[in-house]
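Enquirer: This structure is in C-alpha cells; I'll ask about it shortly.
The values are calculated or read from the model by the stated rules, or taken from the named source; none is laboratory data. It should be emphasised that the depicted structure is a prediction, and the values quoted were computed from it without experimental measurement. Quick reminder, even Gly has a Cβ in these numbers, built from the backbone with ideal geometry, and neighbours come from all protein chains shown. Accessible surface areas use protein heavy atoms only, side chains included; no ligands, DNA or RNA. Shrake-Rupley method; radii C 1.70, N 1.55, O 1.52, S 1.80 Å.
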Amino acid sequence: MQLITTKNPADLAKTAADFIAKRITDVLKKPGSDGQERFTIALSGGSTPKALHELLAKSPYREQIPWAQLHVFWGDERYVSIHDEQSNAGMAYDTLLGHVFTPESQIHVWNTELEPEAAAADYDRILHDYFGETGPTFDLVLLGMGDDGHTLSLFPGTEVVHEKTAWTKAYFLTQQSMYRLTLTAPIVNRASCVVFLVAGPKKAEPLKEVLEGDYNPDKYPSQEIKPINGELVWLVDEKAAALL
C-alpha cells in the first residue's frame, strides 16, 4: 500500500490528475495481451472525483491524455436516470466526458432503464466481454470513501460486502430508500491499480480505522479492497490524514 498526503483538496485533485495521466501513458506503452492499445478505467462519484474530473477536462490534461483510447466504466451507481442530479454517470458527463473525445461505444454506464437486477446482469455481461475469468481487470479503479467507511455501494452491514464470486450486484439500500448498483470486491481486487481519493476532516476517523484498525469490514467495508496483484494507493489530504 502507498499513502500519499497532500495539503488540501485542490492539491489532491492535482496530484490525482498527474498520477492518472502518467498511469495512462505508461500502460499504453505496453499493449495488453490481446494486442489492443486501450486503457480501462472505472470512475467514482462524489465531490472529490468531481473536482478531479473538472481538472482533467482542462489543459494540459485534455491534450496530454489520449482520450480516444480510454474505455470508461463506473464502480457503482444509484438507480436513477442518467439525467438525475444523483447520477454518477451524469456527473461524469457534465464535468469530464462531455469535454473530451472518448467514443460512446467505449463508455459503459449502468443501464438504469432496466430493472435493477437486469441492470446488474447487463453490466456483468459487459465486464465479461472485456475481462477473462483470471488475470487483471481494470487498469485503474478510482474510489472514494464515505464518512461511514463505505466504498462503491458496499455499505456497512450489507451482505454485498462479503460477496466472493459475483462481479456486480443490485440491492435495495434501506437507509437511502433506493436501489444501488455496484461492482463487488472480487473484480475490483483484480485491478492493476486501485486509487482511493479521500479528503476532509469527517474522513479522519474512518480512515484511521480502515488503515490501522482491526479488520472489521462489516463496519468499514473499504477494508475489503485489497488488490491481489495490483497496486493500492491512498491519496488523502492533510485533514483526512490528521489521525494517522
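Enquirer: Round to the nearest 10 and report in Å² the accessible area of Thr15, as given by a 1.4 Å probe over the protein chains' heavy atoms.
Expert: Roughly 50 Å² of Thr15 is accessible to a 1.4 Å probe.
Enquirer: With +1 on the Cβ of every Lys and Arg and -1 on the Cβ of every Asp and Glu, and nothing else charged, how large is the dipole of the chain about its Cα centre, in debye rounded to the nearest 20?
Expert: Dipole about the Cα centre, nearest 20: 680 debye.
Enquirer: Shape of the chain from its Cα gyration tensor (a ≥ b ≥ c, root eigenvalues): rounded if a/c is under 1.5, otherwise prolate when a/b > b/c, or oblate?
Expert: On the way: a/c = 1.31, a/b = 1.06, b/c = 1.24.
Taking the square roots of the gyration eigenvalues as a ≥ b ≥ c, the chain is rounded.
Enquirer: For Asp147 and Thr5, FRET efficiency with R0 = 22 Å and r from the beta-carbon atoms, rounded to 0.05?
Expert: Once the sixth-power term is evaluated, E becomes 0.70.
Enquirer: Suppose only helical runs count, i.e. DSSP H with n ≥ 4. What mean residue ellipticity at 222 nm does that imply for the chain under -39500 (n - 2.57) per run, divided by all residues and rounded to the nearest 500 deg cm²/dmol?
Expert: -8000 deg cm²/dmol
Enquirer: Moving on. Considering only DSSP beta bridges with both partners in the stretch 108-213, what is the antiparallel share in %, to the nearest 5?
Expert: Around 65 percent antiparallel, to the nearest 5.
Enquirer: Which peptide among 48-59, 126-137 comes first, and what is the full order, when sorted by highest mean count of other Cβ atoms within 10 Å?
Expert: 48-59, 126-137
Enquirer: Same structure again: Can you tell me which lysines have their Cα less than 21 Å from the Cα of Lys226? Leave out same-chain residues fewer than eight positions away.
Expert: Excluding near neighbours in sequence, the set is Lys164, Lys169, Lys203, Lys208.
Enquirer: Another question, then. Over the stretch 1-131, what is the relative contact order in whole percent, taking alpha-carbon pairs under 8 Å and six or more residues apart?
Expert: Contact order relative to length: 21 percent.
Enquirer: Let me ask something additional. Give me the net charge of Lys50's neighbourhood, meaning all other residues with Cβ under 14 Å from the Cβ of Lys50; Lys, Arg count +1, Asp, Glu -1.
Expert: -2
Enquirer: Please name whichever of Ala119, Pro60, Met1 sits farthest to the positive end of the charge dipole of the chain, dipole taken about the Cα centre and charges placed at Cβ: Lys and Arg +1, Asp and Glu -1.
Expert: So the residue furthest toward the plus end is Pro60.
Enquirer: Something else now. Once the other residues with Cβ under 15 Å from the Cβ of Ile41 are scored (Lys, Arg +1; Asp, Glu -1), what is the net sum?
Expert: -1
Enquirer: What size of dipole, in debye to the nearest 20, comes out for the stretch 87-168 about its Cα centre when the only charges are +1 on Lys and Arg C-beta atoms and -1 on Asp and Glu C-beta atoms?
Expert: Details: 2 positive and 14 negative charges, 43 e Å.
For this selection, approximately 200 debye.
Enquirer: May I ask which residue of Val27, Leu97, Val141 lies farthest towards the positive end of the charge dipole of the stretch 19-144, with charges of +1 (Lys, Arg) and -1 (Asp, Glu) on Cβ and the Cα centre as origin?
Expert: Positive-end residue among those listed: Val27.
Enquirer: Quick one: how many Å² of Glu104 are accessible to a 1.4 Å probe, rounded to 10?
Expert: In the full protein context, Glu104 sits at about 120 Å².
Enquirer: Give the lysines whose C-alpha is closer than 17 Å to that of Lys58, dropping any in the same chain fewer than 8 places away, or say none.
Expert: Counting by Cα, and skipping residues close in sequence, Lys58 has these lysines nearby: Lys14, Lys22, Lys50.
Enquirer: Determine the sum of side-chain charges near Asn8: Lys and Arg each +1, Asp and Glu each -1, restricted to other residues whose C-beta is under 13 angstrom from that of Asn8.
Expert: 0
Enquirer: From Cα pairs below 8 angstrom and at least 6 apart in sequence, can you work out the relative contact order of the chain, rounded to a whole percent?
Expert: Result for the chain is 24 percent.
Enquirer: Under a point-charge model restricted to the Cβ atoms of Lys and Arg (+1) and Asp and Glu (-1), what is the dipole moment magnitude of the stretch 41-81 relative to its Cα centre, in debye to the nearest 20?
Expert: 100 debye
Enquirer: Another one. Indicate the helices, whole DSSP H runs only, in the chain that combine a mean Kyte-Doolittle hydropathy of -0.5 or more with a Cα extent along their long axis of 27 angstrom or more.
Expert: For the chain, where a helix must reach 27 Å along its axis and average at least -0.5, the hits are 9-28.
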